[in-house]
Structure formats: structure tokens, C-alpha cells
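The values are calculated or read from the model by the stated rules, or taken from the named source; none is laboratory data. In this text, all values refer to a predicted model and were calculated from it rather than measured experimentally. Positions of Cβ are backbone-derived with ideal geometry, glycine not excepted, and every protein chain shown enters the neighbour counts.
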Ligand code: ADP
């Protein structure tokens, strides 16, 4: 958060303390002002004003502070520091870099009231200008770049709230984020550092219909339930369902330039895992550490529930900042249920009228506001960029009828239903194909037709139909057994089995299978469709089902996933399947 020394007025006293909610008397404040509470100066935000009582949600543990202690108002909304240095950093919920705090505190768990700038203030960055003296620049325009990490060039932009003007001074070379790199005739000085209030979306020209997929290399997603660049998705993750693995796969393989991972988890444990895991991951497309294009925002163990909210807003604002540079950003929020629980807790302390299951009535609106900041945009500097938002949900007991899941489903356009039963059967990724959906399918078809295959939509629909039919047939099989089915239905079950085993399953831990390009996804489906078409021809020609099912080429379908040279393998396999089946009649 912002570190600039605002004119701090010591103008209120604590009236009451109730967990993360503190009331102050005689505080001259506006909604959403950032205040410092108590002698320790704990950071909080004004969430309600009634008469001379101001209610503050505090982003740090409040035990030990008591009525009568001072409350200082900064007069500023909650802002984030934006500039080079955001990537390859792990933050807590109010954008304090964990490593720096760790050094300061000598412990991985932050003490209270400790402040640290969101980006390093004394680090020198090599600024390479992209404008010349006399150039006219407007808000959002890129005036130069710095190499932020080995993977990402950081675009230094005219802040959106500047007027712009003619460039009168350019300082190329090594500078800190607080030094002027470009000066304008309007008197405005452009620095690498900007600030932005987290609750306000950064301006854009236009939100466009997203037409490019965020290719994930996970074939069930790309093939059946694709998300667009700029799209929204929810992923419910009951315990042990493979949520962590799925999220790592997305972070590693989704073709986004930048990954923002927001962890508003349980206190401590869940997030410690993320903080330990992420820095170990490698970016498969560059071989660099994944952190070189990642910023991680994690609620730490001693941050109370209120900080979950600031985590989410801080994350989306950082995502928008990189979008403004023209990048495709994928933001993963884990878990939005914990954020919703925080809203519930704060709301109940405020004694607001509870809605469904005790969640506040504004739950739906808050979730919508968050997901609305995702999208594919034309930026104010003319570039295009996207923020894709993928929110994990943790429905208690895996029950999707609870309010957070239901409200999320009304907003997001992609739903990847992780399924504990599938995980138990070791079917991975355990995404339930009956319950999942994507509303982007049709609008992304032209991309897949252009880039992969003209008949992509038909092949996908064929696979969906077979899987649907299998689901229906399984119910009958439960009752009467498979052998009681007519032969054509038995054959459908056999084809569906290959769809499930070869296509829907994908081993995240196999060096080749872990990433499946869309071309391979397509070829896998067409191979299974070849089996289907040829097998039904054979059946029509009077070949007994046992013989059809028994051809020895068919099981090789299950090995496509692990083939590096899959094109050759698939060509050969398709002809073997065809030959063997035609030889039967
Ligand atoms: P969760 O985070 O939901 O508790 P994990 O993501 O840790 O669950 O997954 C549990 C286990 O399931 C993993 O340790 C791994 O063995 C297995 N698993 C999950 N997803 C996959 C996958 N795509 N491929 C292979 N194994 C997987």
C-alpha cells in the first residue's frame, strides 16, 4: 500500500473493538479512507459512518488494542503501489512484501503495524525511453520500458489521471521508481511508480467480446470447457479433489503473459503451501522461474479475515496494471469462499440484516464487481490486453447449492466442477464433464477452426454427445448390467470409455502428457472418432461386438497422451484401427 507520508491527523479515538471491526468516535473520515488504529498503527479501512461513529475494518489482528487509543485518518483510499518489482514478489493482503517484512521482523509471520512499500524504493532500474523530446503523450501512453524480470519487460506508462503533454525531458539510464524519467511541458513528471485506489477499476476505452481462448494445455478444458482470454471461470475444489494440481497446471501452462495469484486462504496452512510451492515452479515456455511472470498475494497467518478482501482488490488492480501494458493476465483467486466468509463475519459484527445462510445481502454484488473487472479490453493507450479471472470456490461438503457457489455461477461463464468422487477413483484431472460448462465455446470456435481444424466444433460436439449418452446408459447398466444392452449401445460405451480414459484424463506429472497443445487434443478426439465410425461400420456389416472391441490397435489410443511425436503416432494408429476393423468383414 501507499507509503507516502500523507498529512496525518490524529483526530479520533477508539470507541469499541470487536474482532476485526473497530469503531472510532470523532474521526473526520469518508467511506473507504485508510486509517491507522491504536498506538501500534494497525491499518484499517472505513466501512461505515453513522453520526460521529466511524466503523473501521482492520487488516491486522486487533487483540490488545482498546478503547481510548488514537485513530488516525490518512484521508486516502486504500491504494496499491504499481511499478517494476511487482513480479517475482510475494505480498501479504495489504501489499507488504513478505520477504522484506521477514527481514525486518525476523519471522515469516508479520508483526502488526509494520509498514513496507509495495515496491522497492531504492532499487535502480535501467530505463529505456521510447519517446523523444517534443513527442506528445497522453494518459496511458508508454514512455519507455525497463526489464522487470528475465521474462517480462515492464512498460512505463503515463498515469491515467495525468493530463499528458509534450515531452520536455528524458532521463535514460538507471533510476529508482521515485525519480522522474520523463517530464512533460504540463509540469507533470512521469515516474516508474504509480498509485491506484484498489476499489476503482483502471480506465479503459472499451470492453470487447473475447474471441481468443486462454489455452491451458489441459485437454478437457481447451476441448470441452474453454475459457477466453478476458473470461471468467469458477473452480470449486472440495478437499483432495486436485485443486492445487489444477491451479499449478493453469499457472504454468495457460498462455497468459502474467499470472497474479491471490491466496485469501485459511489462516496460515493453505497459504504456506502456495508460498513454498510457487517459487519452485518453472515456466515451461521460457525455462525461467515461473515467479518471473508472477505476483503472489497471500493472506498470512496473523492477518484477520478483513484482509482477504484487500487481497482480492489488490490482486485485480495489479492485474489491470499489466493489462494496461498490453499483456494478457490470468488472475487466480483462491478461495473466494474465504473472502465471502470474511464478508459474513464483518457483516454480522456490523449487525446488518443477514441474507442467505448469514451472508450479507450484498454478497452477489461484491462478487459481481470483482468478476466484472475481468475482460478483454482496448486500453487507453490503444493496446489490447486482458484479465482472465479464475476463482476457486470451496463449498462446504462439496454442496454446490450453497450461496457462494450459486452466486458465482450466475456471474462466471465457465465452470470447472472438480469432483471428489472422480479424484477418489484416481480420474485426473477430476473435472466432472457432466456438471462443467463454458459459455465461451461458440465465440471461440472461429479461433479453433482457424488455428487448429475447420471441424473443431463438430468433433467436440460429437464427443459431448457420446459422453452424454454414456451417462444415460450407465443408469441402465446399473440396473440390468452391460450385457443386456443392445450391441450398438455397448459399442457406444466402449467408445465413451476411450474418451474418458484417453481424452478426459491427463497426467500432470508425466513430462509429455502434462501439456497437451490444442492440435494434439484435436487429433486425440479424431482418433477416437475414427474408432467409433469404423467400429459402427463393422457392426453394421454384421461383425460381432466382441471381435470389434478386441482389436489390438484400440488400446493404443490410451498412449497418445504420452507421445512427443504425436502426429506420426496418430497417423499410424488411425490406419491400424481402420485396417484391423475392415479386415473383420
Ligand atoms: P487438493 O488441493 O484439492 O486437496 P491436490 O491438488 O493436492 O488436491 O491433489 C491431490 C492428489 O491428486 C495429488 O497429490 C496427485 O497425486 C493427484 N492429482 C491431482 N490432479 C492430478 C492430475 N491432473 N494428474 C495426476 N495426478 C493428479
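A compact table of results
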item	result
Test for residue 343: is it touching a strand residue (DSSP E or B) at 6+ places or on another chain (Cβ under 7 Å) and in a strand (DSSP E or B)	no
Residue within the range 303-326 that is surrounded by fewer than 19 Cβ atoms within 10 Å (Cβ to Cβ), at pLDDT 80 or above and more than 27 Å from residue 158 (Cβ to Cβ) present	no
Selection from the range 158-203 of residues that are farther than 19 Å from residue 314 by Cα, in a strand (DSSP E or B) and within 30 Å of the chain's Cα centre (by Cα)	191
Some residue of the range 283-302 being more than 25 Å from residue 367 (Cβ to Cβ), within 16 Å of the ligand (Cβ to nearest atom) and touching a residue at least 40 places away in the same chain (Cβ under 8 Å)	yes
Residues located in the range 425-465, provided they are within 21 Å of residue 393 (Cβ to Cβ) and outside any loop (DSSP other than H, G, I, E, B)	431, 437, 438
Residue match in the range 211-218 (condition: closer than 22 Å to residue 321 by Cβ, away from the ligand (no atom under 16 Å from the Cβ) and in contact (Cβ under 8 Å) with a residue 60 or more places away in the chain)	yes
Output for the range 391-441, where each listed residue is farther than 21 Å from residue 362 by Cα, more than 16 Å from the ligand (Cβ to nearest atom) and crowded, with 18+ Cβ neighbours inside 10 Å	414, 415, 438, 440, 441
Unmet requirement for residue 336, which otherwise passes all of (1) within 16 Å of the ligand (Cβ to nearest atom); (2) over 12 Å from the mean Cα position of the chain (by Cα); (3) under 24 Å from residue 78 (Cβ atoms); (4) surrounded by 21 or more Cβ atoms within 10 Å (Cβ to Cβ)	(2)
All positions within the range 226-258 that are within 11 Å of the ligand (Cβ to nearest atom), closer than 26 Å to residue 456 by Cβ, crowded, with 24+ Cβ neighbours inside 10 Å and more than 11 Å from the chain's Cα centre (by Cα)	246
Those residues of the range 489-510 which are surrounded by 17 or more Cβ atoms within 10 Å (Cβ to Cβ) and in a loop (DSSP other than H, G, I, E, B), in sequence order	505, 506, 508
Options 93, 106, 44: the member that is under 16 Å from residue 20 (Cβ atoms) and at pLDDT below 90	93
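Residue-by-condition table, conditions (1) in a helix (DSSP H, G or I); (2) touching a strand residue (DSSP E or B) at 6+ places or on another chain (Cβ under 8 Å); (3) surrounded by fewer than 21 Cβ atoms within 10 Å (Cβ to Cβ); (4) free of Cβ contacts under 8 Å to residues at least 40 places away in the same chain:
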{"residue": "514", "(1), (2), (3), (4)": "no, no, yes, no"}
{"residue": "525", "(1), (2), (3), (4)": "yes, no, no, no"}
{"residue": "538", "(1), (2), (3), (4)": "yes, no, no, no"}
{"residue": "542", "(1), (2), (3), (4)": "no, no, yes, no"}
{"residue": "574", "(1), (2), (3), (4)": "yes, no, yes, no"}
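Here is a yes/no grid of residues against (1) more than 16 Å from the ligand (Cβ to nearest atom); (2) touching a helix residue (DSSP H, G or I) at 6+ places or on another chain (Cβ under 9 Å); (3) under 26 Å from residue 450 (Cα atoms):
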{"residue": "494", "(1), (2), (3)": "yes, yes, no"}
{"residue": "498", "(1), (2), (3)": "yes, yes, no"}
{"residue": "508", "(1), (2), (3)": "no, yes, no"}
{"residue": "529", "(1), (2), (3)": "yes, yes, yes"}
{"residue": "577", "(1), (2), (3)": "yes, yes, no"}
